[in-house]
Amino acid sequence: LQSIWSPARSGCTSPHLLLTQVRTHCPQFRGWAQQDSQEFIRCFLDLLHRELRQPVFSWEWRASSRSPVSGMRLSVCSSSSSLSLRPSSALSSTQPVLDEVEQVSRRNSFSSTSSGRSSNPAEQYETADSGWSSDGDTNGVDGASSLMRRRVHSDSSDTREGISLGDSNSPAYASLSSSPFEKRGQSAIDFNENSEKARDGVIRYRSIVSEVFDGELRSAVKCLTCQHVSETHETFQDLSLSIPTKEQLERIAAAKDDDDQDLSIANGSYSSVWQWPWWFGLGWLHSVYAYLFGGTVSLMDALSAFFSPDDLRGENMYSCEKCSKLRNGVKICRITQLPEILCIHLKRFRHDASYSSKVSTGVTFPVCDLDLSPFVTQSVRAQEKRTLYDLCGHYLAYCRNEVDNNWYEFDDTIVTRLEVADVMGKEAYVLFYQRRGDDDMERVREKVRQLLEREESHRSKLKFTSHYYISREWLHRLSTFSHPGPITNHDFLCRHAQILPSRAADLADYYATVDAHLWEFLHKKFGGGPACTELHYCPKCQAEYQWLRCKRDAELTAFKALDARVKSASRYYPAITYAHYLPPNAISKCWISKWGAFVDGDELEPPGPIDNSPLLVRSPDENTLHFRASSHHVQISRELWLFFRSVYGGGPEVFCMSGIHPTEEEVAEMVAKVEPSIVEALQAMRNSQETNVPSALLSATLPQEYAT
């Protein structure tokens, strides 16, 4: 970083390799169509998260939750039916939620113009936007009813059609496969049980991307008929804000004035008496300013429009789960967890029914002191003091150097130093705000620096005194984040406070050594742990780690060998393969990708049972099944399908075919018809005296009992 920010900058770095990888993983960037930088940011952050993510286990959460300053609780997210970590303040009581919804439920005149309220769980990018940034705005303020793109934690639906799973003891599979699991006497059930044990306790996945950019929104919807309030919690990495029009701002202000007037009457005060003197005194000045500068809105106006209450009526009625009917409702959205870096995207395009237009309205934004306290929940507002943000960069790109506190403009290879006034005069498109720490954190950092300097002066004596091991990643958060949270030594320690097997090869890169005084100071201030004064290998975790390594190697070796045998047999003796009689099988691309990531070592856990249910669709008229050719699937041989199912189970078995897909009974009949032909072909091959097939090839292609 010092080389990048130094005055003597040398050359530049070509982004071609990076762009090539982005185009490989994100097809929307392969053509020549114009893409907004916000779309690239979403894809880029998602790719980084997937490559750098690490699992967070339940035992790791329990270790941090025992700390009195951790401030985290385990809860069930209603939106995804999964476990998640949330600040305890966001879950302390539902009464603030009810009060906040009740406060805005009287606004029957306010009507939102947003559309669509169902989220697509297949999306990968987390944002409060309902679509790509290039899709623009739908002629109105999306507000709190914008769709949330969520990172999915829950497994796929378990609803499956009644399709036969086939028989893994079929002659073709038995002849072409020699599973190493069966050789060692380990059945598929044993492996599935072990994989369930290995998978038990994983709460979520984290990475440096999620720790820096992740925030959380809570949407509360109140049914105006039964007064039932339902909540959903959504993770976001950026906020896509519509630029409100003057009429929309007036409508929001009118709704707020109604609430203020109701509150003042309830308190016995009548402010209307002072309205006429205020108009003759200063009201005219406000009107002149609005007339001259009415084409400019502030960033706070856009945030207020986004978090304004949404009246669910007419076509946007709320489906109440208690009433089991469409009802009028009111919806509000608030932040329950503030991100370390807040990314704000301003929608510069508005799409109407017939044409699209660019929104050229000027948006003023603060360089310092962006206060998000009006948009957080009441419980968070009562406990969280760090709600101020400072601008740290925005598109083109304008970035502030932490070394000299100067602003620089980055336009490809041209870097120009700017003044703060120049930055504020630019047309905002994407804004990055960094959360500001409080004075107490600055005092803590100064204290840590003093202790480190004293420790450095006594470095030679450290090996003879008591010392502790602490996470380097946590120390980095201490120096850069507004608040680092509890100490997390599980970056390099297992659940038994010993060496994590996956970190053993380069263990020194994950920890630092501090003396007892510094450790006691940090642990008292931030909590967490566990405390570690000695590093030892953990026999239990090492055995589990080696078991997973053997499982990866065995499955990959068996897959490659079986695939080679099937291809060779299809070339020389196609009659002994299922492909000679049946259509090819299809398997879920999502599942096969998870399996590939597991055997390559990119995924810690093995995939669960196969779920091919999204590959089939039931006809509503004929009540028949059809293969979805447009579904995300991979075409494989039936021998490979039987191999995967013998290890992981699941289903249903799906064939790549047009027309009506066979039912469970029909699949069984199809297999029963072709298996005698396969057995006959195997017998004929074994008795064959032909010389055009080398015996070495047959020995490599088929099991020994069928080789000539």
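Okay, here's what the table says:
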| quantity | calculated |
| --- | --- |
| Every residue from the stretch 356-401 that is acidic (Asp, Glu) and modelled with pLDDT under 80 | Glu384 |
| Selection status of Leu303, at pLDDT 90 or above and more than 30 Å from Arg436 (Cβ to Cβ) | no |
| Single residue of the stretch 467-514 satisfying the filter (closer than 18 Å to Val448 by Cα and β-branched (Val, Ile, Thr)) that is surrounded by the fewest Cβ atoms within 10 Å (Cβ to Cβ) | Thr480 |
| Number of positions in the stretch 625-643 that are in contact with an Asp or Glu (Cβ under 8 Å, 6 or more places away or on another chain) and at pLDDT below 90 | 1 |
| Neighbours by Cβ (under 7 Å, 6+ apart or cross-chain): first from the stretch 615-643, buried (at least 18 other Cβ atoms within 10 Å of the Cβ); second assigned to a strand (DSSP E or B) and polar (S, T, N, Q) | Leu615/Ser588; His633/Ser588; Ile636/Asn585; Ser637/Asn585; Arg638/Asn585; Trp641/Asn585 |
| Val566, sole failed condition from (1) within 25 Å of Arg495 (Cβ to Cβ); (2) surrounded by 13 or more Cβ atoms within 10 Å (Cβ to Cβ); (3) assigned by TED's automatic domain parsing to the domain that holds His580; (4) not charged (D, E, K, R) | (1) |
| Enumerated helices (runs of 4 or more DSSP H) restricted to the stretch 4-89, each holding at least 2 residues that are more than 22 Å from Arg495 (Cβ to Cβ) and at pLDDT 80 or above | 16-25, 37-52 |
| Tally of residues being in contact with a Cys (Cβ under 8 Å, 6 or more places away or on another chain) and not in a strand (DSSP E or B) across the stretch 203-221 | 1 |
| Pair list, Cβ < 7 Å and 6+ apart or interchain, from the stretch 443-468 residues that are more than 21 Å from His523 (Cα to Cα) and modelled with pLDDT under 90 to residues that are among the aromatic types (Phe, Trp, Tyr) and surrounded by 10 or more Cβ atoms within 10 Å (Cβ to Cβ) | none |
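The values are calculated or read from the model by the stated rules, or taken from the named source; none is laboratory data. In this text, all values refer to a predicted model and were calculated from it rather than measured experimentally. All Cβ positions, even for glycine, are placed from backbone atoms using ideal geometry, and neighbour counts span all protein chains on display.
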